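The values are calculated or read from the model by the stated rules, or taken from the named source; none is laboratory data. The structure displayed is predicted, hence computed values, not measured ones. Virtual Cβ from ideal backbone geometry, glycine too; neighbours counted across all protein chains shown.
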């Protein structure tokens, strides 16, 4: 595809992630309100593997204009690009917030362009792809969910008004961070129903069982700030998580 065929504007991308298989304790557990009921690794739904026989010479904005192999870099699938299939580096070439994104507009197994992007708030939040595309010809293959997890996620329950709310959250290293996941509706990626506002319940509803993203949780009782519960099943392995803080993606 010629560069003139690209939509020359910035795109907000979201990582496309899938749960890795896990085993949960199906017994009765207790935790504080606001803490994870369980955690599960999410990995890129698909990873691109550039042909190791090819090297990429990055422009000065991303490198030092010397040819380099990309075989040691991981490229995870994203959603939201206005220019077709886009994979972005999980670790940036220059900094922890910078990303190298590879674009295959016609899905022919060859990346035709690369561009730089940033995810200033961390690896699992929305990525901003800059509108400056450099032409390349880089063949690649793909593999599914074979690498280490990109982020840990789970379900939390917290107080809301006179009741309680169960929500999806990611582990940012210090506390659960409430984020939204997205689903495709009419060609756009919109906030997934059930994520916002989540699953609401009151103490009068207990014991109660609810499902979020295929994860099934039974809440038995809440005493003060302590919750007793049972994890019946973790996130479904066929779930696709497109994670970001908010917005609508094309």
Scope segment 134-175; condition outside any loop (DSSP other than H, G, I, E, B) and closer than 14 Å to residue 243 by Cα; matching residues: 151, 152, 153, 154, 167, 168, 169, 170, 171
From the residues in segment 53-80 that are at pLDDT 75 or above and closer than 21 Å to residue 11 by Cα, which one is surrounded by the fewest Cβ atoms within 10 Å (Cβ to Cβ)? 74
Checking residue 195 against (1) under 18 Å from residue 234 (Cα atoms); (2) at pLDDT 80 or above, only one condition comes out false. Which one? (2)
Please specify each residue of segment 129-170 satisfying the condition of being modelled with pLDDT of 85 or more and closer than 23 Å to residue 91 by Cβ. 133, 134, 136, 138, 139, 140, 141, 142, 143, 152, 153
Of the residues in segment 93-121 that are part of a loop (DSSP other than H, G, I, E, B) and touching a strand residue (DSSP E or B) at 6+ places or on another chain (Cβ under 7 Å), the one that is modelled with the highest pLDDT is 109
Report yes if residue 50 is at pLDDT below 90 and either loosely packed, with under 15 Cβ neighbours inside 10 Å or more than 17 Å from residue 6 (Cα to Cα) (or both), otherwise no. no
